[in-house]
Every structure is written in C-alpha cells, then in structure tokens.
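The next block holds one structure in the form of structure tokens; read it before the comments.
The values are calculated or read from the model by the stated rules, or taken from the named source; none is laboratory data. Given the structure is predicted, the values throughout are model-derived calculations rather than measurements. Glycine also receives a Cβ, built like all others from the backbone with ideal geometry; neighbour counts cover every protein chain displayed.
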Amino acid sequence: MKNAALQLVVHAADFAARRHASQRRKGVTAEPYINHLAEVAALLANATNGQDGELVAAGYLHDTLEDTQTEYEELEKLFGADVAQLVAEVTDDKSLPSVERKRLQVEKAPGKSVRARMLKVADKTSNLRSLAISPPAGWGAERASEYIAWAERVVAGCRGLNENLERSFDAASVDARAAIAAGAR
Ligand code: ZN
C-alpha cells in the first residue's frame, strides 16, 4: 500500500473507532463495534491485495452514516468523494421500516458499483461470522436461519467480482448454519 493510501486507511480506522466508541455488537459477547469494522476492512484489504486503499477506508467507515452522527459532507471533506460515495452506496435509508430496508438491499445489490458490492459481501461475511460465534440474545434458530437466507440473497446479487471474498462468505454461511444446527439440537 502506498504512503497516502496507508494514511487514508489509518485515518479512517481512527475516525470510525471514535464515532462508534460507545457501540457494541448485538451478539451475546457484545464485542466492541470497531471489531466488525476492522474485520470488514481486513477482508477487503486481503481480497484486493492491498491495492485499493479507498475501498479499505470505506470498509472502516461503512456504518458511520447509518449508525453515527456523521454527515456525507464530513466524509467527503476528510476522506474524499470516492470514499464518501462508496459509504453512501452501502447506507440504508433509515427513514424506512426494517423489513423494507432489507427488501431493498436484495433488490438494489446487483445495480451497485463493483466496489460497493465487494463491501456488501465483506459486511455480510462479518455478520455471519458473528452470528456463528455470538448470536444475538433471544434469536432462535428460525430467526438466525432467516437472517442467513437474507444475507445469501443480498450476496447473490454481488457475485462474480472477487473469488476470495465469495469464498470467505460461503465459508461463513456454512459455519453459521452449522452453529445453528448444533445449537438447535
Ligand atoms: Zn456493517
């Protein structure tokens, strides 16, 4: 990674850690939220052999617009239009009910840019890994299975771009299903 790209990524990690400082994951182990962001960024860095600093930075920042007090203009000013647009592309419209947002993610995934689709696959991979090792309290097998099926539908619209990422997602999906089956027994 070039110096400027390294700086961008480290700045994005620092910014994301601060903005999400008080947030934790929904799972029973309540990991710090930054763990999810670092995982997504690492998946993207590996998948692109460290060649796309903007995408990795967007990996760190991908939930800032949706889940923190951050404006698009702020991201654009600090990280550039490329990164800000990528984050905006993977941000749900929070004014819509959750069921509608989920439906739209499936419907709109195939029309997103290549990098936004890669980010989506990395995001869903991280979410399924968490579901396998630390499912949210109160989620029964049925709810967890529904979540996995939904994540698979979103990712179905993002395939054919990066084999490395898809392999990680498919492995996470298999593990999540196995964890549910083991738990339901
Ligand atoms: Zn996320």
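General observations
- Test: residue in the range 142-152 that is within 14 Å of the ligand (Cβ to nearest atom), assigned to a helix (DSSP H, G or I), under 28 Å from ALA21 (Cα atoms) and in contact (Cβ under 8 Å) with a residue 60 or more places away in the chain: no
- Pick from the range 86-129, criterion among the polar types (S, T, N, Q) and at pLDDT below 95, ranking: farthest from LEU75 (Cα to Cα): SER98
- First in the range 73-91 and part of a helix (DSSP H, G or I), second anywhere and at pLDDT below 95 and surrounded by 22 or more Cβ atoms within 10 Å (Cβ to Cβ), Cβ under 8 Å, 6 or more apart: none
- Scanning the range 95-141 for residues that are within 15 Å of CYS158 (Cβ to Cβ) and outside any helix (DSSP H, G or I) yields a total of 2.
- In the range 123-144, the condition of being more than 30 Å from ASN49 (Cβ to Cβ) and of a type in the set (Lys, Arg) is met by at least one residue.
- Residue that is out of contact with any strand residue (DSSP E or B) (no Cβ under 8 Å at 6 or more places or on another chain), of a type outside the set (Gly, Ala, Ser) and crowded, with 18+ Cβ neighbours inside 10 Å, where the choices are LEU8, LEU78, LEU96: LEU8
- Test: residue in the range 54-66 that is of a type in the set (D, E, K, R), away from the ligand (no atom under 11 Å from the Cβ), closer than 15 Å to PHE79 by Cα and modelled with pLDDT of 95 or more: yes
- Looking across the range 27-52, not a single residue is within 16 Å of GLU66 (Cα to Cα) and over 14 Å from the mean Cα position of the chain (by Cα).
So that you can scan it fast, the table gives a plain yes or no per residue for (1) farther than 26 Å from ASP170 by Cα; (2) away from the ligand (no atom under 16 Å from the Cβ):
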residue	(1), (2)
LEU8	yes, yes
HIS11	yes, yes
ALA17	yes, no
SER22	yes, yes
ALA38	no, no
ALA41	no, no
THR48	no, yes
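- Residues in the range 76-100 that are among the charged types (D, E, K, R) and more than 15 Å from the chain's Cα centre (by Cα): GLU76, LYS77, ASP82, ASP93, LYS94, GLU100.
- Residues in the range 53-75 that are surrounded by fewer than 16 Cβ atoms within 10 Å (Cβ to Cβ) and over 13 Å from the mean Cα position of the chain (by Cα): 5 in all.
- Residue among PRO110, PRO136 that alone is more than 14 Å from the ligand (Cβ to nearest atom) and out of contact with any strand residue (DSSP E or B) (no Cβ under 6 Å at 6 or more places or on another chain): PRO110
- The set of residues in the range 38-66 that are hydroxyl-bearing (Ser, Thr, Tyr) and closer than 19 Å to ARG159 by Cβ contains only THR48.
- Members of the range 13-26 found to be under 25 Å from SER134 (Cβ atoms) and part of a helix (DSSP H, G or I), listed by number: ALA13, ALA16, ALA17, ARG18, ARG19
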